[in-house]
Amino acid sequence: MTIKMKDEAMFRHCRAIIFDMDGTLLDTLQDIAGAINATLQDWGLAGKSSEELLNYIGHGALWLCQRASGLSGEAAERFCCDYKKKAFNSSDARTRVYPGIMEAVHALKAEGFKLGIYTNKPQAWAEKLAVQFFGIGMFDGIAGAHDGAPLKPEPSGILNLCEAWGVPVKDAVMAGDSPVDIETAKAAGIPGIGVSWGFRPRQLLVDCEAAKVVDNAWQLMALFGVDVSTVQ
């Protein structure tokens, strides 16, 4: 891949890369669907296909549960609590790291970048998955959903991670697979990189004016000056 000069100028100052989780680092769709459908079954409600659930993912657990169940108010909150318990206690057996992502995070870490995760997934589940699939300490910080914390596209997760690292926000970027992630990056005043391998079509990322859209992990690494020929 040839990096254009404007891309070099945009990303050469970067010191921190903040990733979305679902659809960016990990393909979690089947395990999300399994936990939702198990909860729907417990509540005597009709199941949902993975394709239907894709329309509800990205805005947090409560939003997902409200739309999947058709419930509202206190009932939706109780349903969501049941879902989160099932999801957290699952084996995540069908979740997979996207091709090249393991190599990318290792290479970027070795280059000295601060690596973070900002997700609307519940904090405990996000931390569990990060350790389970990437090991302890690979990510320098994780900002997930918890009581009182605003969800993306609010940029607070980006701001808090950068503050904890002592990195100016202007020296960070965010990578994600959805318009929510691009909106979050814009709200923080930083470039948003769209990844086309996730839950949303490439054109949607182009239409929401991602600063750059990449089609694989090797292109992502190249944006930050990693010599991909040396990455195994």
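Taking only region 59-84 into account, find how many residues are in contact (Cβ under 8 Å) with a residue 24 or more places away in the chain, open to solvent by less than 30 Å² (accessible area, probe 1.4 Å) and not polar (S, T, N, Q).
So the count comes out to 7.
Considering only region 180-210, state which residues are touching a Leu at 6+ places or on another chain (Cβ under 6 Å) and closer than 16 Å to residue 118 by Cα. Steps first, please.
Here is the first cut: in region 180-210, the ones touching a Leu at 6+ places or on another chain (Cβ under 6 Å) are 194, 199.
Scanning region 180-210 gives a single hit, 194.
Only one of 180, 206, 226 is farther than 16 Å from residue 98 by Cα and either part of a strand (DSSP E or B) or in contact with a Pro (Cβ under 9 Å, 6 or more places away or on another chain) (or both); which?
On the way: 206 fails: either part of a strand (DSSP E or B) or in contact with a Pro (Cβ under 9 Å, 6 or more places away or on another chain) (or both); 226 fails: either part of a strand (DSSP E or B) or in contact with a Pro (Cβ under 9 Å, 6 or more places away or on another chain) (or both).
So the residue among 180, 206, 226 that is farther than 16 Å from residue 98 by Cα and either part of a strand (DSSP E or B) or in contact with a Pro (Cβ under 9 Å, 6 or more places away or on another chain) (or both) is 180.
Can you tell me which residue in region 38-79 is nearest to the chain's Cα centre (by Cα), limited to those that are among the polar types (S, T, N, Q) and farther than 30 Å from residue 217 by Cβ? Steps first, please.
Restricting attention to region 38-79, the residues satisfying the condition of being among the polar types (S, T, N, Q) are 39, 41, 49-50, 55, 66, 69, 72.
When the remaining residues are screened for being farther than 30 Å from residue 217 by Cβ, the result is 39, 41, 66, 69, 72.
Details: 39: 23, 41: 27, 66: 21, 69: 23, 72: 26 Å.
Across region 38-79, the extreme among qualifying residues is 66.
If a residue has to be farther than 14 Å from residue 165 by Cβ and charged (D, E, K, R) to count, how many in region 110-141 make the cut?
Summing the residues that are farther than 14 Å from residue 165 by Cβ and charged (D, E, K, R) in region 110-141 gives 4.
Scan region 32-50 and tell me whether some residue there is touching a residue at least 60 places away in the same chain (Cβ under 8 Å), farther than 20 Å from residue 179 by Cα and in a helix (DSSP H, G or I).
Kept after step one, since they are touching a residue at least 60 places away in the same chain (Cβ under 8 Å), are these residues of region 32-50: 34.
Of the ones still in play, those that are also farther than 20 Å from residue 179 by Cα are 34.
Remaining after also requiring in a helix (DSSP H, G or I): 34.
So far as region 32-50 goes, yes, one or more of its residues are touching a residue at least 60 places away in the same chain (Cβ under 8 Å), farther than 20 Å from residue 179 by Cα and in a helix (DSSP H, G or I).
Return the residue satisfying two criteria in turn: it lies in region 1-29 and is open to solvent by 40 Å² or more (accessible area, probe 1.4 Å) and modelled with pLDDT of 95 or more, and of such residues it is farthest from residue 123 (Cα to Cα). Working first, answer last.
So the first thing to find is which residues in region 1-29 are open to solvent by 40 Å² or more (accessible area, probe 1.4 Å), and the list is 1-2, 4-6, 8-10, 12-13, 15, 27.
Next, from what is left, pick out any that are modelled with pLDDT of 95 or more: 15, 27.
Details: 15: 24, 27: 17 Å.
That would be 15.
The values are calculated or read from the model by the stated rules, or taken from the named source; none is laboratory data. Note that the structure is predicted; figures quoted are calculated from it, not measured. No Cβ is skipped: glycine too gets one built from the backbone with ideal geometry, and neighbour counts run over all protein chains shown. Just so you know, the surface numbers come from the protein's heavy atoms only, side chains and all, with ligands and any DNA or RNA stripped out. Shrake-Rupley method; radii C 1.70, N 1.55, O 1.52, S 1.80 Å.
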